[in-house]
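Engineer: Provided herewith is a single structure, encoded as structure tokens, for subsequent inquiry.
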Amino acid sequence: MISNFLPKKPGPIGVFDSGFGGLTILEGIRQQLPQYDYIFLGDNARAPYGTRSFEVVYDFTLQAVRRLFELGCHLVILACNTASAKALRSIQVNDLPYLDPDRRVLGVIRPTVEQIGSLTRNNHVGILATAGTVLSQSYDIELGKFYPGIVVNSVACPMWVPLIENNEFDGPGADYFVQKYLDQLLTKDGDIDTIILGCTHYPLLMNKIRKYCPSHITLVPQGKYVADSLAQYLDRHEQINRLCTRGGTCEYLTTESPEKFMESATVFLHEQVQARKIVLE
């Protein structure tokens with residue numbers, strides 16, 4: 001167990017993503033909880049996770065969680081819908097008791113789902129996400145638990161992440177694919193009044209999505225809701241809260257070259273950051 005060789009001293013909050021989209025979650029969290037210290041870890045060398053198998057996503061995510069624990073994090077946020085869908089439950093149930101039962105790993109799906117009841121007016125909800133998240137049916141399952149009778153339809157958007165990570169999200173080439181996937185979703189259910197953007201990259205496409213989405217539909221990006229949920233979680237769990245340091249700092253780690261990470265991170269954070277490379281295994 002990690003607790004056998006790491007002292008129980010306070011450390012930063014860990015935020016993990018397979019790529020860069022989790023930076024939108026980190027930004028939302030830091031806006032609401034700026035007093036805490038954070039470590040952001042991006043497994044950029046092995047991204048994207050969306051098309052990988054459950055087993056591979058689980059293995060990669062567990063490697064990242066273990067590393068963040070070793071770096072002193074007592075709380076880790078999986079700021080990645082694919083990792084939350086394919087790995088979170090297994091890590092919570094099977095690995096945390098062995099690694100350290102006093103540490104916590106949280107995801108981004110449930111905090112988003114918990115808000116839907118206050119947003120939808122007719123219980124017809126759409127999901128736009130990666131293929132991996134759609135195939136996992138994690139949103140469908142969680143929404144069904146919270147709101148029996150809700151109607152959920154999902155569409156995978158395989159071209160959206162490449163558009164964003166190639167800095168084409170605001171160009172004319174994005175219009176076709178944004179309109180295409182929205183039309184597919186609304187063809188499935190014309191009564192949808194709420195759409196969850198089930199990938200942390202997608203807020204960067206918000207201008208395009210709003211352009212092609214009917215005005216009566218509520219769009220649900222995740223950053224604010226995850227930040228609200230984390231603030232409430234820390235209020236309810238004083239033992240974890242005490243183990244989170246408060247210096248207002250943020251360290252960035254990547255499995256890719258730091259230079260490439262810093263260039264792409266600027267697109268998401270609108271500021272220059274420094275990063276260092278690590279190896280996950």
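The values are calculated or read from the model by the stated rules, or taken from the named source; none is laboratory data. These numbers come from a predicted model, not from an experiment. Heads up, the Cβs are rebuilt from the backbone with ideal geometry, glycines too, and the neighbour counts pull from every protein chain shown. Only protein heavy atoms, including side chains, enter the accessible area calculation; ligands, DNA and RNA are left aside. Shrake-Rupley method; radii C 1.70, N 1.55, O 1.52, S 1.80 Å.
Engineer: Can you tell me the order of 66-79, 16-29 when each peptide is scored by its average per-residue count of other Cβ atoms within 10 angstrom, highest first?
Structural biologist: 16-29, 66-79
Engineer: Which entry in (1) 1.29; (2) 0.97; (3) 1.04 matches Cα Rg over 2.2 N^0.38 Å derived from the coordinates of this structure?
Structural biologist: Matching entry in (1) 1.29; (2) 0.97; (3) 1.04: (2).
Engineer: At 1.4 Å probe size, with every protein chain present, just tell me what the per residue accessible area of the range 216-281 comes to in Å².
Structural biologist: 54
Engineer: Let me ask you something else. If you only keep lysine pairs separated by 8 or more in sequence, or across chains, how many in the chain come under 24 Å at the Cα atoms?
Structural biologist: Pairs that pass both the separation and distance tests number 12.
Engineer: Provide the per-residue ³J(HN,Hα) series for the range 243-252, in order, calculated from phi with Karplus coefficients 6.51, -1.76, 1.60 and θ = phi - 60°, each as a whole number of Hz, with x at glycine and proline positions.
Structural biologist: For the range 243-252, the Karplus-derived couplings read 8, 9, 6, 10, x, x, 9, 8, 10, 10 Hz, x marking Gly and Pro.
Engineer: Consider a paramagnetic label point 7 Å from the Cα of A45 along Cα→Cβ; state which residues of the range 265-281 have an amide N under 15 Å from it.
Structural biologist: Under 15 Å, as judged by backbone N against the label point of A45, lie 276-281 of the range 265-281.
Engineer: With r as the distance between the Cβ atoms of Y98 and D189 and R0 = 35 Å, compute the FRET efficiency 1/(1 + (r/R0)^6) and round to 0.05.
Structural biologist: After rounding to 0.05, the efficiency reads 0.25.
Engineer: When the dipole is taken about the Cα centre of the range 122-268, and only Lys, Arg (+1) and Asp, Glu (-1) are charged at their Cβ, what size is it in debye, to the nearest 20?
Structural biologist: Magnitude of the dipole: close to 240 debye.
Engineer: On to the next question. From a point 7 Å beyond the Cα of K8 in the direction of its Cβ, which residues of the range 95-113 have a backbone N at a distance under 12 Å?
Structural biologist: Within reach of a label on K8: 101-103.
Engineer: Let me ask something additional. I'd like the carbon and sulfur percentage of the solvent accessible area for the range 192-281, probe radius 1.4 Å, heavy atoms only, ligands and nucleic acids excluded.
Structural biologist: Ligands and nucleic acids excluded, carbon and sulfur give 47 percent.
Engineer: Under a 5 Å amide H to amide H cut-off, with H placed in plane at 1.01 Å, what residues pair with C250 once short-range neighbours are removed?
Structural biologist: Amide H neighbours of C250: Y38.
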